[in-house]
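In what follows, a structure is listed as structure tokens, so that the remarks can point back to it.
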Amino acid sequence: MSLAIVSLLGAGEAAAQNTSASPSPIIDVHMHAMADAPWAVPVCPNQARFEASDPKNGPEAPFGWSKEECSPKLYPAPKGEYMKAVLAEMERLNVRGVVFGDVEAVKKWHAAAPDRVIPGTAFGRIEGTDAAKQLRMLEVAFTKDGFKVMGEIGLQYEGVSPSDMRVDQYFALAEKLDIPVAIHMGTGGSGRANVAMPTYRGSMGNPLLLEELLARHPKLRVQVMHAGYPMIDNMLTLLQANSHVYVDVAGLIWSYPRKEVNRYIARLVDAGFGDRVMYGTDQLAWPGLMAYSIALIQNADYLSPEQKRDILYNNAARFLRLDPAK
Ligand SMILES: [Zn+2]
């Protein structure tokens, strides 16, 4: 390639980055195909504390967030407006997103914005589920309906390890079809098990629980959702043992104290794994969450411009095997 062409390409790229009509592309690897969230209230993200509770003097809060004020808050979308509002934000911010949910719900999102929505779906709870039927559903989704990621897999909520042999058949299918899997590991706020979900186990969010699964399925590509927070040492141990493992910072990025979030991301990047950290929101109720959490990465003074682009776009494009130019 001649020097002239190189500089022309460079100029074109710079121009594309600078047009206000089209900000640099971003991929959100962790969204949910909700309709409405009637439970959602206005929230202040990155609350600085989690509070203790007393079983005798309730009510006990399901996340334990302290009630700090902020302005502006993140507001839930008006009833019936959620999908439209989120898709409008994706258009405005130039975001493509992996949207998880049951097949029919995700298809609605994809039909409304085929260029913005990358469809994902997963098997449901183990207890009381017809495994053969789930496998058939997944096979159709991934081979005929264009679904791209198997997630969100919520085994931790059932207190089940991802290496449990009862779920091996689903991961074997993903490996055979060359579909990446996205597994919930970590986070949960305060009181997740004793207040909100009795079968939830913090210990089942240990990233090292993936090791036996990955030994059985060496080609499996894994997205550890919520980056295994707060088990950073185990997360780094897994990243060094398995180069097909990526992490997302969804949920974590807005639901924990800001200093702690930045320290966790910095640790992943400083340890040398900056090409496997992916931006995500866990978008499920507040349309403004996307812009808010992008800003947290954009404003991170410990990240270089290149590291920010890797987290906001390049790593996910590589993990999902998207066209790097788009
Ligand atoms: Zn999750």
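The values are calculated or read from the model by the stated rules, or taken from the named source; none is laboratory data. Just so we're clear, the structure is a prediction, and the values are computed from it rather than from any experiment. Here the Cβ positions follow ideal geometry from the backbone for every residue, glycine too, while neighbour counts run over all protein chains shown.
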Could you check, for the range 257-268, whether at least one of its residues is under 24 Å from Gly124 (Cβ atoms) and either within 16 Å of the ligand (Cβ to nearest atom) or in a strand (DSSP E or B) (or both)?
no
Say whether the condition of being more than 30 Å from Arg321 (Cα to Cα) and of a type outside the set (Gly, Ala, Ser) is met by at least one residue in the range 79-86.
yes
Failed item, numbered, when Gly151 is tested on (1) among the small types (Gly, Ala, Ser); (2) within 24 Å of Ala215 (Cα to Cα); (3) away from the ligand (no atom under 16 Å from the Cβ); (4) in contact (Cβ under 8 Å) with a residue 60 or more places away in the chain:
(3)
Check on Gly188, over 19 Å from Tyr292 (Cβ atoms) and assigned to a loop (DSSP other than H, G, I, E, B):
yes
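With respect to Leu252, is the statement that it is modelled with pLDDT under 95 and within 30 Å of Gly80 (Cα to Cα) true? Give the derivation first.
Details: modelled with pLDDT under 95: no; within 30 Å of Gly80 (Cα to Cα): yes.
Here the answer is no, as Leu252 does not meet what is asked.
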From the residues in the range 191-206 that are away from the ligand (no atom under 16 Å from the Cβ) and closer than 16 Å to Pro230 by Cα, which one is surrounded by the most Cβ atoms within 10 Å (Cβ to Cβ)?
Gly191
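Out of curiosity, is Asp36 surrounded by 13 or more Cβ atoms within 10 Å (Cβ to Cβ), away from the ligand (no atom under 16 Å from the Cβ), at pLDDT below 90 and of a type in the set (D, E, K, R)? Working first, answer last.
Working: surrounded by 13 or more Cβ atoms within 10 Å (Cβ to Cβ): yes; away from the ligand (no atom under 16 Å from the Cβ): yes; at pLDDT below 90: yes; of a type in the set (D, E, K, R): yes.
Judged against the criteria, Asp36 is a match.
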Which listed residue, of Leu220, Leu213, Leu209, is within 21 Å of Asn315 (Cα to Cα), away from the ligand (no atom under 15 Å from the Cβ), surrounded by 19 or more Cβ atoms within 10 Å (Cβ to Cβ) and in contact (Cβ under 8 Å) with a residue 12 or more places away in the chain:
Leu220
Met34 passes all but one of the listed conditions (1) out of contact with any Leu (no Cβ under 6 Å at 6 or more places or on another chain); (2) part of a loop (DSSP other than H, G, I, E, B); the exception is number (1)
